[in-house]
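A short worksheet on the structure shown next.
The values are calculated or read from the model by the stated rules, or taken from the named source; none is laboratory data. Just so it is clear, the model here is predicted, and its values are computed rather than measured. When we count neighbours, we look across all protein chains shown, and the Cβ atoms used for this are built from the backbone with ideal geometry, even at glycine. With ligands, DNA and RNA removed, areas are computed over all heavy atoms of the protein, side chains included. Shrake-Rupley method; radii C 1.70, N 1.55, O 1.52, S 1.80 Å.
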Amino acid sequence: MTAEDSLESTAAGLAPRVRELAEETERGRRLPRELVEAFARGGIFRMLVPRRFGGGEAGVATMIATLEALSRADGSAGWCAMIGATSGVVAAYLPESDAREIYGTDPHVVSGGVFAPHGRAIAADGGYRSSGRWPFASGCEHCGWLMAGAVVIEDGKPRLLPSGMPDSRLMLFPHSQAKIVDTWNVSGLRGTGSHDLEIHDLFVPAGRSTSIITDRPREQGPLYRFPVFGLLALGGAAVALGIARASIDELVRLAAAKVPTGGRRRLSERGVVQTELAQAEAMIGSARAFLFEACAQAWQAASAASELPIAARARLRLAATHATVISAKVVDLMYNAGGGTSIYAGSPLQRCFRDVHVVTQHVMVARATLELVGRILFGLETDTSML
């Protein structure tokens, strides 16, 4: 069995327990310690860390399949796995000594944080003095190392890139140096513990900072020719696909036994429900196929070139956004087909409904991405720094 086969096998083996703990995950608004430790032991959180630091350096298709399997069991658990995994890519951008200190000493280390530049990083001798508060820090409670985006301040004003945009960098620091502010009271993905993250005047050495926009990865493998934003989008799409598949599973289970009020036939015997199930299967199958096709083409390009072409990057983001949008439509179909049963707190369909509609709100897979890709397809001048 290859290392990549092992990751998918690990996810499949963990899925039953993830499903059993889904209610505890939801109630606790965080990933249970048991699952954190199981994901860490199984290499889930480190699947994208370079091999020379003890990571899996897995292929993108493996990442998607692994996250999809976990999300089929529970969307929140899959999302936490996705954040931990994609955050590990940062190891490829750091100086070797710093990357090894963070990712190469503890085989079970978990990292995570917020890429959005909500903070300020005042340039100082040997590093940055950083302050800020970042919402949506998924999994922050179980991370040993945290990262947060900050605009670099020099001479009292933001440092600008040649494009005129503010220069922002990710700051990495131990969990103990940050404050977690309990804010995660939300409709879906409640078990991700995506609280606010706060630091004040924290010195971050230069070697523990990087820009995923202007810096180039120090690792040479094809995985690190994929843009970090693109990997994050693909991870979000994998979670959405897993949730959508879970909704189909539940509708099939429910429809085999449920006889709607006033009826004599089981739900599964109704033509309209049969049609909706068939439509859902075709929708998720085609969206998933497009996602894997785009990944395969991009992987081939990344293996042959020093940098992934803009067209390949745009196709990845299009496929990821499309898979997410279609996944939400599939869940809606299954939720509606379930009738009144779907609204009860004990129904997995209502959980799928809430969770997938949180995934669709993430900026990396939001519908606005379609406009960005459309501009590129038309050949119009476009800012591709976030692609």
Next item on the list: Hey, can you tell me all the residues within the range 230-275 that are open to solvent by 40 Å² or more (accessible area, probe 1.4 Å) and either charged (D, E, K, R) or on the phi > 0 side of the Ramachandran plot (or both)?
Entry: ARG245, ASP249, ARG253, LYS258, GLY262, ARG264, ARG265, ARG266, GLU269, ARG270
Notebook entry, point to check: Where residues in the range 260-279 are part of a loop (DSSP other than H, G, I, E, B) and not basic (Lys, Arg), which of them is nearest to the chain's Cα centre (by Cα)?
Noted result: PRO260
Note to self: Can you pull out every residue in the range 289-346 that is within 14 Å of LEU234 (Cα to Cα), of a type in the set (Lys, Arg) and open to solvent by 40 Å² or more (accessible area, probe 1.4 Å)?
What the structure shows: ARG315
Margin query: Residue pairs, Cβ under 7 Å, 6 or more apart or interchain, first in the range 299-324 and among the aromatic types (Phe, Trp, Tyr), second modelled with pLDDT of 95 or more. List them.
Written below: TRP299/GLY59; TRP299/VAL60; TRP299/PRO222
Check: Which of the residues that make up the range 185-198 are open to solvent by 10 Å² or more (accessible area, probe 1.4 Å), within 24 Å of SER131 (Cα to Cα) and hydrophobic (A, V, I, L, M, F, W, C)?
Finding: none
Next item on the list: Kindly list the number of the only condition in (1) more than 24 Å from VAL114 (Cβ to Cβ); (2) assigned to a helix (DSSP H, G or I) that fails for GLY346.
Entry: (2)
Item checked: Test set (1) open to solvent by less than 30 Å² (accessible area, probe 1.4 Å); (2) of a type in the set (Phe, Trp, Tyr); (3) modelled with pLDDT of 95 or more - TRP145 fails condition number -> (1)
Notebook entry, point to check: With (1) modelled with pLDDT of 95 or more; (2) surrounded by fewer than 20 Cβ atoms within 10 Å (Cβ to Cβ); (3) in a loop (DSSP other than H, G, I, E, B) as the list, and GLU101 as the residue in question, which single condition is left unmet?
Noted result: (3)
Item checked: Flag for GLY126 being farther than 25 Å from GLU96 by Cβ and open to solvent by 20 Å² or more (accessible area, probe 1.4 Å) -> no
Notebook entry, point to check: Going through the range 104-157 one residue at a time, which ones are on the phi > 0 side of the Ramachandran plot and either outside any strand (DSSP E or B) or among the polar types (S, T, N, Q) (or both)?
Noted result: GLY126, GLY139, ASP155, GLY156
Next item on the list: Would you be able to say whether some residue in the range 300-311 is acidic (Asp, Glu), farther than 22 Å from ALA15 by Cα and part of a helix (DSSP H, G or I)?
Entry: no
Next item on the list: Considering only residues that are within 22 Å of SER247 (Cα to Cα) and in contact with a helix residue (DSSP H, G or I) (Cβ under 6 Å, 6 or more places away or on another chain), look in the range 1-13 and name the one that is surrounded by the fewest Cβ atoms within 10 Å (Cβ to Cβ).
Entry: ALA12
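Could you please give the count of residues in the range 76-98 that are of a type in the set (Gly, Ala, Ser) and either outside any helix (DSSP H, G or I) or out of contact with any Leu (no Cβ under 6 Å at 6 or more places or on another chain) (or both)? Step through it out loud before you land on a result.
Let us first name the residues in the range 76-98 that are of a type in the set (Gly, Ala, Ser), namely 76-78, 81, 84-85, 87-88, 91-92, 97.
Then keep just the ones that are either outside any helix (DSSP H, G or I) or out of contact with any Leu (no Cβ under 6 Å at 6 or more places or on another chain) (or both); that gives 84, 87, 91-92, 97.
Number of matching residues: 5.
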Next item on the list: Among the numbered conditions (1) part of a strand (DSSP E or B); (2) open to solvent by less than 50 Å² (accessible area, probe 1.4 Å); (3) out of contact with any Pro (no Cβ under 9 Å at 6 or more places or on another chain), tell me where ASP201 comes up short.
Entry: (2)
Next item on the list: Considering each residue of the range 172-184, count those that are part of a helix (DSSP H, G or I), over 14 Å from GLY132 (Cβ atoms) and open to solvent by 80 Å² or more (accessible area, probe 1.4 Å), and give that number.
Entry: 1
Next item on the list: Would you tally the residues in the range 158-171 being open to solvent by 10 Å² or more (accessible area, probe 1.4 Å) and either aliphatic (A, V, I, L, M) or on the phi > 0 side of the Ramachandran plot (or both)?
Entry: 4
